[in-house]
1. To the nearest 10 degrees, how steep is helix B:218-230 against the longest Cα principal axis of chain B, on a 0 to 90 scale?
2. Any idea of the total accessible area buried by the A-B contact, 1.4 Å probe, rounded to 100 Å²?
3. Treating the point 7 Å from Cα along Cα-beta-carbon as the label, what are the nm separations from A:PRO209 to the other copies, to one decimal?
4. Kindly give the distances from A:ALA241 to its copy-mates, label point to label point, with each label point 7 Å from Cα along Cα→Cβ, as nm values to one decimal ordered shortest first.
5. Out of all DSSP beta bridges with both ends in chain A, state the antiparallel percent to the nearest 5.
6. With every protein chain left in place and a probe of 1.4 Å, what is the accessible surface of B:VAL273, to the nearest 10 Å²?
7. If r is the Cβ-Cβ distance from B:VAL255 to B:SER88 and R0 is 35 Å, what FRET efficiency results, to the nearest 0.05?
8. Place the label 7 angstrom along Cα→C-beta at A:ASP171 and in each other copy, then list the distances from the first to the rest in nm, shortest first.
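The values are calculated or read from the model by the stated rules, or taken from the named source; none is laboratory data. Remember, it's a predicted structure, so these values are computed and weren't measured experimentally. Glycine gets a Cβ as well: all are built from the backbone with ideal geometry, and neighbour counts include every protein chain shown. We work out accessible area using only protein heavy atoms, side chains counted, and drop any ligands, DNA or RNA first. Shrake-Rupley method; radii C 1.70, N 1.55, O 1.52, S 1.80 Å.
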Number of protein chains: 2
Amino acid sequence: MKNRNPIKLIIFGFGKIGRELVKQILDAETQLEKESLLVSITGLADSQGLLVDPGGLTPQQIEAAFTQKQQSRSLHEMISALNRDRVSHYLDSNTILIDTTASQETLPVLKEAMAAEAGIVLANKFPLCQSWADVQDLFTYPRLKYEATVGAGLPVIAALKSLLASGDELDSIVGCLSGTLGYLCSRLEKGLAYSAAIQEACDLGFTEPDPRQDLSGMDVARKAIILSRTAGFPVELADIAVESLYPEALKTVSVSDFLQSVSQEDGRYTKLVKQASDKQKVPRYAAQITAEGIRVGLSMIEKTSPMGSLKGTDNYIALHTRRYSPSPLVISGPGAGNEVTAAGVFSDIIRLTKEMNGRR
Amino acid sequence: MKNRNPIKLIIFGFGKIGRELVKQILDAETQLEKESLLVSITGLADSQGLLVDPGGLTPQQIEAAFTQKQQSRSLHEMISALNRDRVSHYLDSNTILIDTTASQETLPVLKEAMAAEAGIVLANKFPLCQSWADVQDLFTYPRLKYEATVGAGLPVIAALKSLLASGDELDSIVGCLSGTLGYLCSRLEKGLAYSAAIQEACDLGFTEPDPRQDLSGMDVARKAIILSRTAGFPVELADIAVESLYPEALKTVSVSDFLQSVSQEDGRYTKLVKQASDKQKVPRYAAQITAEGIRVGLSMIEKTSPMGSLKGTDNYIALHTRRYSPSPLVISGPGAGNEVTAAGVFSDIIRLTKEMNGRR
């Protein structure tokens, strides 16, 4: 287990997650070396281009990329003559390609990584949610990890895969997979009006710039698809029943018009929450995944149940299996944030590095 | 990644866990082969001896061991001329030694396994709880896994190690680590008398034959030590403040005398639970682990908190870290039972096999 070459890391996306990830890797260098886990950042890519050196980027080069990025929001001026398409030239079985973008267009490069027997780590949900025919081989690729796509750093995918690998059988997954909608539900529970709760979540930076991206439930639906496909149920996004938390009529108006008009829904939600409260229940935006399909929407849950006791932006994932019955295996905690998301990606990199090392 | 030799598995302990593990491995064979994870059971050992074939035991041999075991509670008559000490002859870097016993005497063999660069998987807590000087090198050995020692199949150790490896820092671990004491607490919470709750737990088979082994809190203390040492806090068993749930005076009497006398404590617990209930709190037998030390004992917890909403025999482990703050990363669910314990061991075997395979 000595004298091996470092595993080369090529990182796609140099935004908040990508940059936090680079920091965590550089900070952990000494610790990793002690455990004979040698990694070397050899590439950084964003929509502007690719900074790459197969011998490993120096801390100075990475530092310069950080500075450049902070000034110009782009790696553009640092780019070698290479363009992004040519990242495939650098893919081999000692390389891990890491996708921290939110791009819908990285799948072709991931396929090239598979062909080159490279490792793949995803924080990006989109590649895993495309049509099953297109991504089936990705899900069975042994060198793919994607923990950070669901619950950020919470070890949900690893837990699910472990159960299945050891011969357990999944009955259902029930989860609260959105910190934003969790926050909204916990504020509704406290008696806040629907529109006020949305405004508050926006002000606190818990929503996307357009809060309808969260309220639509589509982000939850994507996470549910990833869980479902991991469990061996090859569902398509179009098949999922997703309950949107805003009216269809407000779909195309501007964000500011949306925020002004949305109070028209206040009465409806106040009534729903009151009816639930009378029965000792609280609102939760939940995903329910079984072999029969996926349902994503608002549910009223016993206040004293574990899911009912969930607070604020925390996520909650219950795995109901043949062995974990009637009590499920539950993982909960913060399911968003740059630090824990990057840490989820980093943990995948470490696990994959161990698997790509080993005896040889 | 082709044509590699199978990883050889030598299983110590052929009791409930060991036998369930063998079943799970045999059932998963086809699935494992599909993923190029070749394993072969080459040895079964219990206190009576060792059944071993470096070429792999045949299903017939294993079947015969099951049958033999069921008849005679021993592998004795099946043993080759080998005695157990000589298991070390079969240890090499393509072998995983699996300890499913509750023996305090396997540490020397584990050390031999380390010297031979073999993998090690433990369900047995004892080797990890011996004096820090004796086991420090075990905790840093890269081919050791011990998920099933805490929370059975719940992925607690993996989660803790992942957080630390990615550069997070542990503040504290708070947990309910005993299904038996969890059950006792949930019955006290419902108003059952202390002695009646103990009798019930005995009748349901939730306790050891001598329930004082559970009530002493020592099993929880051992799990707490394993968590603490994993987190980098090298505490000794003797340093831990452990609150026993039965009076010192009943330590040496017979089990039946104990069960008859224990009602003398009913008043004390009824009063404690009543006082807690008046403040919307419930009793939980909890471990608290920090860099400063470990406390194991009865705590009164907010009824509507996640730990307060814990039901029955479920375990609960909250990891409070720099990144997971103020909300911790929480894992909960059934933390005991043959099937989930064996599955925890099996998952470790699979992970270790992946790490021992890889490029070569």
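1. The angle comes out near 60 degrees.
2. Numbers: alone 16790 and 16790 Å², together 29610 Å².
Adding both sides of the contact gives about 4000 Å².
3. 7.0
4. The projected label point of A:ALA241 is separated from its counterparts by 5.3 nm.
5. 60
6. 20
7. Numbers: r = 38 Å, r/R0 = 1.10.
That pair, B:VAL255 with B:SER88, gives E of 0.35.
8. The projected label point of A:ASP171 is separated from its counterparts by 3.6 nm.
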